[in-house]
1. What does the convex hull of the alpha-carbon atoms of the stretch 171-213 project to on average, in nm²?
2. Within the stretch 75-119, list the residues whose amide N lies under 12 Å from a label point set 7 Å along Cα→Cβ of N6.
3. Beyond 26 Å between alpha-carbons counts as too far, so tell me which of K72/K212; K158/K212; K139/K213; K26/K171 fall in that bin.
4. Using only alpha carbon pairs under 8 Å that are at least six residues apart, calculate the relative contact order of the chain and give it in whole percent.
5. Where is the GNM fluctuation largest for the chain (alpha-carbon springs, 10 angstrom cutoff): D13, D79, D106?
6. Is the C-alpha gyration tensor of the stretch 2-153 telling us rounded, prolate or oblate? Criteria: a/c under 1.5 is rounded; beyond that, a/b larger than b/c is prolate, otherwise oblate.
7. Can you work out the FRET efficiency for the pair Y209 and R28, with r the C-beta to C-beta distance and R0 = 41 Å, to the nearest 0.05?
8. What is the distance in Å between the Cα centroid of the stretch 105-183 and that of the stretch 50-70?
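Read-outs throughout are calculated quantities, based only on the coordinates presented, and are distinct from any laboratory measurement. What you see is a predicted model, and the numbers here were worked out from it, not measured in a lab. Positions of Cβ are backbone-derived with ideal geometry, glycine not excepted, and every protein chain shown enters the neighbour counts.
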Amino acid sequence: MSEQINSMPRIGDIAPDFEAITTTGKLRFSDYNKDSWVIFFSHPADFTPVCTTEMTGFANEQESFFDQHNCKLMGLSIDSIHSHIAWVDNVRKNSGVLFKFPIVADIDMSVSKLWGMLQPGESETAAVRAVFFVDPTGKIRLIMYYPLNVGRNMEEIKRCLLALQTSDENKVAMPLNWEPGEKVIIPPPKTVEALLERNESGLEMMDFYLAKKLL
Ligand code: BEZ
């Protein structure tokens, strides 16, 4: 697998499968993804400041938010398992926060290349800050990329997971800046009959193609 060339998974693709050594043991991605969402994120390096804040952010939300929304977490960096374990222990000793989710040790860069996390224009040796949202069918639904020097936004990551799940459950779309509890967009009518029904519906409507409702 170490000869893996760079690939770039896209929204709608099936998540590339792999088996790897992680901080919770050997894991196959497709097994970990069975029956639940997975947010798979890369960080540039262990023992670095921005990464420490981000991983702490994920750890702080694991039980209170991600577990509650059927979503598992998985991290990755191009570091050895020994480095990962030492860093996890260092953060635990310094802050009391334990990273319980698996962190992939990708020392040969095979997984980062397979998942498009290694973007050589940014760094030849460190993964960018990628976030892949993978649904329980194994499909990639949303991708974020951040450069090495800008940390991610946990509120946006949580909002995106809820937006995807709410959209799936209700067959609706989310408008600009949507937050949970706010009105959602109903898909445009597909027939004249549906259009006429919509005109009589009393929904909040700018025109036939932009109608909103509360769930
Ligand atoms: C950081 O996490 O602080 C970091 C990692 C790699 C490059 C720059 C910053």
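1. Working: hull surface 12.5 nm².
Directional mean of the projected Cα hull area for the stretch 171-213 stands at 3.1 nm².
2. Within reach of a label on N6: 113-119.
3. Checking Cα-Cα distances, K72/K212; K139/K213; K26/K171 exceed 26 Å.
4. On the way: 374 pairs, mean separation 48.5, N = 215.
Computed value for the chain: 23 percent relative contact order.
5. D13
6. On the way: a/c = 1.42, a/b = 1.10, b/c = 1.29.
Rounded is the answer for the stretch 2-153, as its axis ratio a/c remains below 1.5.
7. Details: r = 44 Å, r/R0 = 1.07.
Once the sixth-power term is evaluated, E becomes 0.40.
8. Cα centroid to Cα centroid, the span is 14 Å.
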